[in-house]
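One structure below.
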Amino acid sequence: MQKSKPQKPSLVRMLARYYRPHLGLFIADMAAALLLAVCDLFYPMITRNIINVYVPEGNMRLFLTWGVILLVIFVAKLGLNWFVMSWGHIMGTRMQADMRRDLYHHMQRLPFSYFDENQTGSLMSRIVNDLMEISELAHHGPEDLFISLISFIGAFVMLGQINLLLTCTIFVFLPIIIFFTLFMMRRLQRAFTKRREETAAINADIQNSLSGIRVVKAFANADYEEQKFGMRSGALVQANAKAYRVMASYYSGMTFGVDLLTLAALVAAGIFVFMGQINIGDFAAYLLYIGNFTQPIRKLNQFVEQFQDGMSGFRRFAEVMAEAPEENPAHPESPRVVRGDIHFNDVSFTYGDKGAVLDHITLHVPAGKTLALVGPSGGGKTTLCHLIPRFYTPQHGNITLDGIDLQRFDATELRRSIGIVQQEVFIFTGTIRENIAYGRLGADETEIVEAAIQAGLHDFVMNLPDGYDTYIGERGAKLSGGQKQRISIARVFLKNPPILILDEATSALDNITELAIQQAFDALAKNRTTLVVAHRLSTVRNANEIVVLTDSGIAEQGSHETLMANPNGVYRSLYETQFSTL
């Protein structure tokens, strides 16, 4: 018998889980809301007794006594409203923070392939914008539903004691209002979801354009970017307009329904007075209760808007949370000391439904040796390197490190053994010290300075007015390419991993800077297993082995001298093309 797949929890159940850490505050908030609803139920009955009994009988003592009781009730409502509005919102904000924390935690553990398919700005929108309204829903949602339920039941019971037939006549309008609300909720859901999607899209466009502002200015394409932004902004305006039209239809329809309910109560209660079924005090109580009765309906209006706005964001939150994180073995293995002996065994890899990038690659990188990967673009050199820290998983074959399949490693522990320096260095907004220390969080000042010295960065830093505390701008905007590269090298020196990957690390530098950086790389690669991806073949001449990788697989491999000895070889052709003089 085939096992059924476990069902995913509903959005409501998923949201309910976030109430658990704040259950005490939630119960207190609901208790305050209950007392508020009860206070509102007492006022019409007290007013009825004042009109029917105390005033006609001239009972000043009871009139004043119940006046004082009403004052006490109103003072109690003052305190209860303050508690609900302050601590209720604080609870909602804390829940929102919990969701944002969980979402960020989950994103940190998603595979690289997820970020290949999703724009950074859109993901930022899910973390920030999509959860903005959830605090209002988390606070007001259960509270409004609870108060509305208590108010409906309490009003029906109280009014039923006066005249059950009149009460049932008035309450017949309630199912119509409920049906209209359910009908409109689906339209509201679609409208709010579309609005969220367009908000995420415009955030992604803004992030992309501002991140590339130097390219925009270099190509004088500001008008083009403004045109793109205008189109995206127009789509957001249309989505907002549609959402507001649906909201307008809902609110106007609900207001009309409430007005009809009030009119029906007024006419029906008046007829019952004319018929002698109820007196003037009962008539006043009916009108007051209908006023209280319409208040929960208005709260339901607010709840429907909050629910659709909040849940449309929460739905997008749940979509990300449903993405499978990187897989780790239940019982990971790892060598006591990583030597860095790497074997690629018949490895094939494909991005999505595209053609194979790597096709049955078998390769050995001995511990402590340097392997260079060269060849034309698109041959899979960078992809091969990205398989080692398990940024991606091969569809066929396997990779072993010191005899252990990489899939048996814990991903975090594996990556602690690998240092990567890429062509496009990412520098975090902050200081030089913070960026170097990112290589090993918790490193002391002496270790940071030593790493900078090894990377040839220390003298430059010491000539700056603020030294290691120099603020270097967003993504290191105040640094040159060579200075950024030296920071990335210092990070790896500080990390001190047994495996090193240099992916086109000098291709964006000038020849003089490249020579200086190459010397730092030579020092960094000493006694480490090193993979070097390079287009400039001058940087790989001293590698223990050179592999020529093309879109057809490994074309050649051997030392520089061995490959140059083949007059018809791909490597020799590439080398002579680069160093030929015109």
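Which semi-axis lengths, in whole Å and largest first, follow from the square roots of five times the eigenvalues of the Cα gyration tensor of the stretch 87-230?
48, 20, 12
With both partners inside the chain, how many of the DSSP beta bridges are antiparallel, as a percent to the nearest 5?
In the chain, approximately 50 percent of DSSP beta bridges are antiparallel ones.
From the gyration tensor of the Cα coordinates in the stretch 341-394, what semi-axes in whole Å does the equivalent ellipsoid have, largest first, with each one equal to sqrt(5λ)?
Semi-axis lengths for the stretch 341-394 are 19, 13, 10 Å.
So with the 1.4 Å probe, I'd like the accessible area per residue for the stretch 91-211, rounded to whole Å².
49
Report in % the part of the accessible area of the chain that belongs to carbon and sulfur, leaving out ligands and nucleic acids; probe 1.4 Å.
Of all accessible area on the chain, carbon and sulfur atoms account for 59 percent.
Round to the nearest 10 and report in Å² the accessible area of E323, as given by a 1.4 Å probe over the protein chains' heavy atoms.
E323 has an accessible surface of roughly 80 Å² with all protein chains in place.
At a probe radius of 1.4 Å, what is the per-residue accessible area of H140, in Å² to the nearest 10?
Roll a 1.4 Å probe over it and H140 shows about 20 Å².
What is the mean projected area of the alpha carbon convex hull for the chain, to one decimal in square nanometres?
It is 40.1 nm².
What number, rounded to the nearest 500 deg cm²/dmol, is the helix-based mean residue ellipticity at 222 nm of the chain, given -39500 (n - 2.57) per DSSP H run of at least four residues and division by all its residues?
About -20500 deg cm²/dmol.
How high is the relative contact order of the chain, in percent, with contacts defined as C-alpha pairs under 8 Å that are six or more residues apart?
Once divided by the residue count of the chain, the mean separation gives 14 percent.
With a 1.4 Å probe and every protein chain left in place, work out the accessible area per residue of the stretch 308-415 in Å², rounded to a whole number.
In whole numbers, the stretch 308-415 has 44 Å² accessible per residue.
Averaging sequence separations of C-alpha pairs under 8 Å and six or more residues apart, then dividing by the length of the stretch 234-383, give the relative contact order as a whole percent.
RCO, the stretch 234-383: 13 percent.
By its C-alpha gyration tensor, with a ≥ b ≥ c as the square roots of the eigenvalues, how is the stretch 368-444 shaped: rounded for a/c under 1.5, else prolate for a/b larger than b/c, else oblate?
Cα axes put the stretch 368-444 in the oblate bin.
Got a sec? What order do K228, K381 fall in by accessible area at 1.4 Å, biggest, i.e. largest, first?
Greatest to least solvent exposure: K228, K381.
Could you sort out which of K495/K526; K228/K354; K484/K526; K242/K299 sit more than 20 Å apart by Cα distance in this structure?
Listed pairs above 20 Å: K228/K354; K484/K526; K242/K299.
Per-residue accessible area for T350 at 1.4 Å probe radius, Å² rounded to 10?
Rounded to the nearest 10, that gives 30 Å².
Translational diffusion coefficient, Stokes-Einstein: compute it for the stretch 445-582 using the Kirkwood radius over C-alpha pairs as Rh, at 10 °C and 1.306 mPa s, and state it as an integer in µm² s⁻¹.
94
Cross-link candidates for K381: which aspartates and glutamates have Cα within less than 15 Å, leaving aside residues fewer than 8 places away along the same chain?
Once the sequence-local aspartates and glutamates are set aside, what remains near K381 is D359, D503, E504, E545, D551, E556.
The values are calculated or read from the model by the stated rules, or taken from the named source; none is laboratory data. It should be emphasised that the depicted structure is a prediction, and the values quoted were computed from it without experimental measurement. Heads up: the accessible areas ignore ligands, DNA and RNA and are worked out on the full protein's heavy atoms, side chains in. Shrake-Rupley method; radii C 1.70, N 1.55, O 1.52, S 1.80 Å.
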